[in-house]
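Undergrad: There's a structure below that I have some questions on.
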């Protein structure tokens, strides 16, 4: 939710600065970098939070639905973005995008879950051991080893 508000502020600053003639290319680079970083954190948090909200028996279908939604948004989003730029001009499209993040933050704030999971049997395992096990899995398989390096 916080990253959605940050993306709203970041993207909302672009048309405001442009309206006053204060927008510079370096500011766009900063906005793109920070908004992309927020997107990364949002994706990781969404994946982790989904695991807490969805029972283990339903995770396969939930993950499939989420992958399908992501694919549809990726495909259709470009066309909608182009149509918005044509209809509203670039600053107007950025305002629409910023508002979408504000709406996203609102709807995420309505989720009623504590975000805390009861410790499982593996909770006693140290974080260092968990990380080492993860690295062994990643670097132990030829495909993931190439992707990680």
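The values are calculated or read from the model by the stated rules, or taken from the named source; none is laboratory data. From a predicted model like this one, the values you see are computed outputs, not experimental measurements. Cβ coordinates were reconstructed from backbone atoms using ideal geometry, including for glycine residues, and neighbour counts include every protein chain displayed.
Undergrad: Taking only segment 14-29 into account, find how many residues are closer than 15 Å to residue 96 by Cα and without any contact (Cβ under 8 Å) to a residue 60 or more places away in the chain.
TA: Residues meeting the conditions: 1.
Undergrad: Take residue 6 and tell me if it is farther than 23 Å from residue 108 by Cβ and modelled with pLDDT of 95 or more.
TA: For residue 6, the condition - farther than 23 Å from residue 108 by Cβ and modelled with pLDDT of 95 or more - is not met.
Undergrad: Please find, among 70, 84, the residue that is loosely packed, with under 13 Cβ neighbours inside 10 Å and either out of contact with any strand residue (DSSP E or B) (no Cβ under 7 Å at 6 or more places or on another chain) or not in a helix (DSSP H, G or I) (or both).
TA: Just one listed residue meets the conditions, 70.
Okay, residues lined up against (1) more than 26 Å from the chain's Cα centre (by Cα); (2) closer than 27 Å to residue 36 by Cα; (3) at pLDDT 85 or above; (4) not in a helix (DSSP H, G or I):
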position	(1), (2), (3), (4)
101	no, yes, yes, no
105	no, yes, yes, no
115	no, yes, no, yes
128	yes, no, no, no
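Undergrad: Taking the condition at pLDDT 90 or above, exposed (fewer than 10 other Cβ atoms within 10 Å of the Cβ) and touching a helix residue (DSSP H, G or I) at 6+ places or on another chain (Cβ under 9 Å), does residue 24 pass?
TA: Against the criterion (at pLDDT 90 or above, exposed (fewer than 10 other Cβ atoms within 10 Å of the Cβ) and touching a helix residue (DSSP H, G or I) at 6+ places or on another chain (Cβ under 9 Å)), residue 24 qualifies.
Yes/no matrix, rows are residues, columns are (1) without any contact (Cβ under 8 Å) to a residue 12 or more places away in the chain; (2) surrounded by fewer than 17 Cβ atoms within 10 Å (Cβ to Cβ); (3) part of a helix (DSSP H, G or I):
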site: 12; (1), (2), (3): no, no, yes
site: 31; (1), (2), (3): no, no, yes
site: 36; (1), (2), (3): yes, yes, yes
site: 41; (1), (2), (3): no, yes, yes
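Undergrad: So residue 45 fits all but one of (1) surrounded by 13 or more Cβ atoms within 10 Å (Cβ to Cβ); (2) modelled with pLDDT of 95 or more; what number is the exception?
TA: Here residue 45 meets the rest and fails (2).
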